[in-house]
Amino acid sequence: NQHLLTCASTILLMYLAEYFDEILKHTLPQAKEVTTKRNRIEEYVRSTGLETLGGSSTFYMFINIGDYAHSSLDFALYLLLKHHIAVVPGSAYGESTERFIRVGVGVETDENLKNAIQTIKSVIVDQEYDEKLVNDCLKKLDIQKFKA
C-alpha cells in the first residue's frame, strides 16, 4: 500500500518516458517563474529585517520567528485563526527548525505575500498572541490542539 501511495505508477512512468520533452516544454517556464518569484519575495522578506534559511529552488521559504515568546506551532495557529494567513510551523520539520515558519509563495500574488509578510513581522515584533482566541476557535471547530 505504501508504494502505491508514494511511488509513481508504471503507467505514469510509461507516459512520462513518451512525453517527457513535451511536458518539460510546458512546465519548465512555470518552474522558472515560481523560482524567480520566490527569490523576489525572499529579497522583500529580508528587506523587512526578517531572516530566512538558505535555499533557492523551491516554492517556499523558512522565515525565522526569532525570539517570539511562543512555539512555531502556536505562531502558525494564531496567524491562521486571527489573521487568516496559513503557514507551516517549523517544528513539523524537526527540532532544528522550531524557530521558523514555512511560507509558500507559489500561488499568491506579490501584493498578498507582502501584506502577509508585514503581518508576520508585526506579530513577531509585537509578540502578538491571544491564547483565548486560539482555544475558542479550536473549540468551535471541534479540534484539539496538537501537543508535541
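Points worth noting:
- Test result for Gln127, modelled with pLDDT of 95 or more, outside any helix (DSSP H, G or I) and out of contact with any Lys or Arg (no Cβ under 7 Å at 6 or more places or on another chain): yes
- Residue match in segment 104-118 (condition: closer than 21 Å to Asn64 by Cβ, surrounded by 12 or more Cβ atoms within 10 Å (Cβ to Cβ), modelled with pLDDT under 95 and of a type in the set (Val, Ile, Thr)): yes
- Complete set of residues in segment 131-148 that are of a type in the set (Lys, Arg) and without any contact (Cβ under 8 Å) to a residue 12 or more places away in the chain: Lys132, Lys139, Lys140, Lys147
- Consider segment 92-101 and keep the residues that are open to solvent by 60 Å² or more (accessible area, probe 1.4 Å) and modelled with pLDDT under 95. The one that is nearest to Glu131 (Cα to Cα) is Ala92.
- Subset of segment 57-91 [on the phi < 0 side of the Ramachandran plot and open to solvent by 70 Å² or more (accessible area, probe 1.4 Å)]: Ser57, Phe59, Asp67, Ala69, Leu80, Lys82, Ala86
The values are calculated or read from the model by the stated rules, or taken from the named source; none is laboratory data. If you're wondering where the values come from, they're calculated on a predicted model, not measured in any experiment. Neighbour counts run over all protein chains shown; Cβ positions are idealised from the backbone, glycine included. For accessibility, only protein heavy atoms count, side chains too; no ligands or nucleic acids. Shrake-Rupley method; radii C 1.70, N 1.55, O 1.52, S 1.80 Å.
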